[in-house]
């Protein structure tokens, strides 16, 4: 199968004005209201755009700066976008900076359709690990957790309650592309608890009043859902009571808590270590 050719001049729209309506619509995606209305979001960087296309995500618009002219990878990506029915824009550095809100933007930005996994569609198998986040507020935390879940081989992330937007520019940046490979689902606390009751998972929550060290529970044999609480308030009583295990991460210094993304990373790698250990024993 031949590769798509570089789009012809008529297939690429050149834009230099910040007042262009297309540019205004893309810039509006910085606001959650417009992301929700358009069911779209932005991703910066050539590698992220290529990863998204390779993963089957639907691209609506590809924007590249004049610095990308003559770059084979940019030209190939532009050709793929046209072949998939997307719009290709060649813009000035000023326009690209305004779109990304950066002084030194990357030379490629993609606008993609949002994709969320439906909670009832999640089927768990032994050894699976999912992360559930209760009311996570910080986009940097959420993006880092999605990236860490990807690195550790977790199956996905479930957002419980009112959380920050997984498709905000800040969150997508922090995922470093993992937003395109880690399934994300949304749920109310009630829907999450009803799903958990049927899913057959071991629900493990971190809690300041957790009665056991995080290295104590046996994480093997069942799918694990790791439930992490809000940055300021931790887990509410309703969710804490639903956990099969409440654990704590010991701290030897004067700090009384860990950053949410750091704590999630520690927990994920412990669950992964335990799973690998039991696998080695059975080998």
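The values are calculated or read from the model by the stated rules, or taken from the named source; none is laboratory data. Keep in mind that this is a model prediction, so the values were computed, not measured. Ideal geometry is used to build each Cβ from the backbone, glycine not excepted, and the neighbour counts take in all protein chains shown.
Of all residues in segment 55-68, exactly one satisfies the criterion of being free of Cβ contacts under 8 Å to residues at least 60 places away in the same chain, surrounded by 13 or more Cβ atoms within 10 Å (Cβ to Cβ) and assigned to a loop (DSSP other than H, G, I, E, B), namely 58.
Scanning segment 123-161 for residues that are part of a helix (DSSP H, G or I) and more than 18 Å from residue 275 (Cβ to Cβ) turns up 139, 140, 141, 142, 143, 144, 145, 146, 147.
Listed here are the residues, each with its yes/no results for (1) touching a strand residue (DSSP E or B) at 6+ places or on another chain (Cβ under 8 Å); (2) under 19 Å from residue 150 (Cα atoms).
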| position | (1), (2) |
| --- | --- |
| 174 | no, yes |
| 181 | no, yes |
| 187 | yes, no |
| 191 | no, no |
| 198 | no, no |
| 210 | yes, no |
| 220 | no, no |
| 232 | no, no |
| 236 | yes, no |
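Of all the listed residues (249, 266), the sole one being over 18 Å from the mean Cα position of the chain (by Cα) and closer than 30 Å to residue 49 by Cα is 266. A single member of 232, 251 is surrounded by fewer than 20 Cβ atoms within 10 Å (Cβ to Cβ), farther than 19 Å from residue 142 by Cβ and either in contact (Cβ under 8 Å) with a residue 12 or more places away in the chain or assigned by TED's automatic domain parsing to the domain that holds residue 152 (or both), and it is 251.
Do the conditions hold for residue 127, that is, is it over 15 Å from residue 195 (Cα atoms) and surrounded by 16 or more Cβ atoms within 10 Å (Cβ to Cβ)? Judged against the criteria, residue 127 is a match. The residue list 222, 218, 186 contains one member that is loosely packed, with under 14 Cβ neighbours inside 10 Å and within 24 Å of residue 153 (Cβ to Cβ), which is 218. Of all residues in segment 235-248, those satisfying the criterion of being part of a helix (DSSP H, G or I) and surrounded by fewer than 18 Cβ atoms within 10 Å (Cβ to Cβ) are 237, 238, 241, 242.
Residue 197 meets all of the listed conditions (1) assigned to a loop (DSSP other than H, G, I, E, B); (2) modelled with pLDDT under 95; (3) surrounded by 11 or more Cβ atoms within 10 Å (Cβ to Cβ) but one, namely (1). The residue that is modelled with the lowest pLDDT, counting only those in segment 14-27 that are surrounded by 14 or more Cβ atoms within 10 Å (Cβ to Cβ) and outside any loop (DSSP other than H, G, I, E, B), is 15. Between 205, 265, the distinction of being touching a helix residue (DSSP H, G or I) at 6+ places or on another chain (Cβ under 9 Å) and farther than 30 Å from residue 113 by Cα belongs to 205 only.
Among all residues of segment 83-101, there is none that is part of a strand (DSSP E or B), within 23 Å of the chain's Cα centre (by Cα), within 22 Å of residue 166 (Cα to Cα) and not assigned by TED's automatic domain parsing to the domain that holds residue 261.
When each of 49, 109 is tested for being outside any helix (DSSP H, G or I), at pLDDT 95 or above, in contact with a strand residue (DSSP E or B) (Cβ under 6 Å, 6 or more places away or on another chain) and outside the structural domain of residue 207 (by TED's automatic domain parsing), the lone residue that passes is 109.
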